[in-house]
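Below is one structure, written out as structure tokens; comments come after it.
The values are calculated or read from the model by the stated rules, or taken from the named source; none is laboratory data. Not measured: the values here are computed from a predicted model. Cβ placement follows ideal geometry from the backbone for every residue including glycine, while neighbour counts extend to all protein chains displayed.
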Amino acid sequence: MKKSIIIWIIIIIVIIGVIAVVNYKKPVPREKEKLEVAIIIPLTGPASPTGEDFLNGLLLAQEKYKRHRRDCFFAKRGCYPSS
């Protein structure tokens, strides 16, 4: 009795495995999409040193990862604290 149950379980597992292997489809490679990034950083005012450092870091990362398709748009904003 136990042997027949174990044999049926093994047969079912083998059948499921064969079905999974036969129906497996390789993923179709997608065309790389272009990523557009808009960045607002303070390049004038009292926070301009921080903004310039941030801008330099972004440009360095953009050069390092050229293989990825992305465009960065920078908007110059002043950072003037209100009193």
Problem - Long-range neighbours under 7 Å by Cβ, at least six apart or interchain, first residue modelled with pLDDT under 65 within segment 56-73, second among the aliphatic types (A, V, I, L, M) - result: Arg69/Leu35
Handout entry: Counted residues, segment 29-53 - those being surrounded by 11 or more Cβ atoms within 10 Å (Cβ to Cβ), in a loop (DSSP other than H, G, I, E, B) and at negative phi
Key = 2
